[in-house]
Amino acid sequence: MTKTNIKQAVILAGGRGERLRLMTDTIPKPMVPINGKPFLEYLIEMLQKNGISEVLILAGYLSEKIEEYFGDGSRFGINIKYSILPLFDEAGLENESGTRIKQASHLLNNVFLLMYCDNYWPLDLKKLSDFYFKQGKLASVAVYTN
């Protein structure tokens, strides 16, 4: 695959995974096994193959299980960092995606790829980044129809 100048991916992985209840009572949603390995591992591999050198995981629910499995990412050929925010704040409100991104703002590159932990698509980061830089806009959104 062709490399790009986007080097960081940010993965939102903080939710409870309510629709996968029973499985997610003991493991976080991105760690649900698919064909013998956590779903998140497929995302990490795809990102590494697309030239991403750093992944920032915005975790919450059972985050220690994600950190325990992936560590610093070296065994996957990628650098992994974490920003951990509990599932709920002091007032009992759920810490949502925007809150997680804001808390991690000091860890973000100027340009990064933002992803959800439970979506997979055949990423062509070169094509996506070429489109983004050509547009000259603050952000781009990719929609994949399956």
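The values are calculated or read from the model by the stated rules, or taken from the named source; none is laboratory data. Treat the numbers as computed from the prediction; the structure is a model and nothing was measured. With ideal geometry, Cβ positions are generated from the backbone for all residues, glycine too; neighbour counts draw on all protein chains shown. These accessible areas exclude ligands, DNA and RNA; they are computed on the full protein's heavy atoms, side chains included. Shrake-Rupley method; radii C 1.70, N 1.55, O 1.52, S 1.80 Å.
Tabulated results
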| read-out | value |
| --- | --- |
| Simple Cβ-charge dipole of the chain, Lys/Arg +1 and Asp/Glu -1, about Cα centre, in debye nearest 20 | 600 |
| Label-to-label distance, nm, for residues given as residue 124 and residue 65 (7 Å Cα→Cβ offset) | 3.6 |
| Kirkwood hydrodynamic radius (C-alpha pairs) into Stokes-Einstein, the chain, 4 °C and 1.567 mPa s, D in µm²/s | 81 |
| Exposed-site-free run, longest, the chain (rule: trypsin sites (Lys or Arg not before Pro); DSSP loop; at most 10 other C-beta within 10 Å) | 22-136 |
| Probe 1.4 Å, accessible area per residue of the chain, Å² | 60 |
| In nm, spacing of pseudo-spin labels at residue 87 and residue 106 (7 Å Cα→C-beta vector) | 2.7 |
| Exceeding the 26 Å Cα-Cα cut-off - candidates 81/126; 29/102; 49/81; 81/134; 7/137 | 81/134 |
| Surface share of carbon and sulfur [accessible, 1.4 angstrom probe, percent] for segment 40-112 | 50 |
| Volume of the Cα convex hull of segment 66-146, divided per residue and given in Å³ | 154 |
| In Hz, Karplus ³J(HN,Hα) per residue of segment 117-132 (6.51, -1.76, 1.60; θ = phi - 60°; x = Gly, Pro) | 6, 10, 10, 9, 8, x, 5, 10, 4, 4, 5, 5, 5, 4, 4, 4 |
